[in-house]
Every structure is written in structure tokens, then in C-alpha cells.
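Read the figures in this text as sums done on the coordinates, not as results from a lab. Not measured: the values here are computed from a predicted model. Every residue, glycine as well, gets a Cβ built from its backbone with ideal geometry; the counts of neighbours run over all protein chains shown.
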Amino acid sequence: MPPVRVIVTGPEEAADFNTEFWCGGELMAITVLHDGQLHLRIDPRRDGEPWLIETTSLGRALESAAHQIAEY
């Protein structure tokens, strides 16, 4: 699997704690604020197969998401 990368699409999304997690060309997950805590909502793959996520790039992506949100 390709590495996971994070995108903050704009200041409004960052203010709402929303970031997008992409794996290759597919949107894999988004961050959402739920009960005052940041959560990662992982969507099903289009082909119905389970995600196979390389944990080091996922950890880096989670850290990057928190950093990018804080920048706004």
C-alpha cells in the first residue's frame, strides 16, 4: 500500500478539526470532533476490500494532522 498522506483543504475545515487521509488516490478517512475528542473516521474502500495501512506512515499522518490543524 502507498503511504498515508494528510490534507487540510482550508481554514474552515481546520477550524472544524477536519483533515483528509489519503492512501494513494483514494480518500481513506477524515478526522472528526466527537464529544470533544478528535476521532479518525475510516470509510470503506470502494472495492469492498479492507484497508491495509502501513502503520509508520499512518502514525506520521496522524501527527501531521494534529500539527496542520494547530497551524490554523
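So which residues in the stretch 12-46 are part of a loop (DSSP other than H, G, I, E, B) and either among the basic types (Lys, Arg) or farther than 13 Å from MET1 by Cβ (or both)? Reasoning before the result, please.
Filtering the stretch 12-46 down to residues part of a loop (DSSP other than H, G, I, E, B) leaves 16-19, 24-25, 35-36, 43-46.
Across the stretch 12-46, the qualifying residues are ASP16, PHE17, ASN18, THR19, ASP35, GLY36, ASP43, PRO44, ARG45, ARG46.
If you scan the stretch 20-39, which residues turn out to be among the polar types (S, T, N, Q) and exposed (fewer than 12 other Cβ atoms within 10 Å of the Cβ)? So that I can check it myself, show each step before the final result.
Initially, the stretch 20-39 is screened for residues among the polar types (S, T, N, Q), giving 31, 37.
Listed by number, the list holds a single entry, GLN37.
From the set of residues in the stretch 40-72 that are among the β-branched types (Val, Ile, Thr) and surrounded by 11 or more Cβ atoms within 10 Å (Cβ to Cβ), which is nearest to the chain's Cα centre (by Cα)? Spell out how you get there, then give the answer.
Step one: filter the stretch 40-72 for residues among the β-branched types (Val, Ile, Thr), giving 42, 53, 55-56, 69.
Narrowing further to those that are surrounded by 11 or more Cβ atoms within 10 Å (Cβ to Cβ): 42, 53, 69.
Numbers: ILE42: 8, ILE53: 12, ILE69: 11 Å.
Within the stretch 40-72, the match that is nearest to the chain's Cα centre (by Cα) is ILE42.
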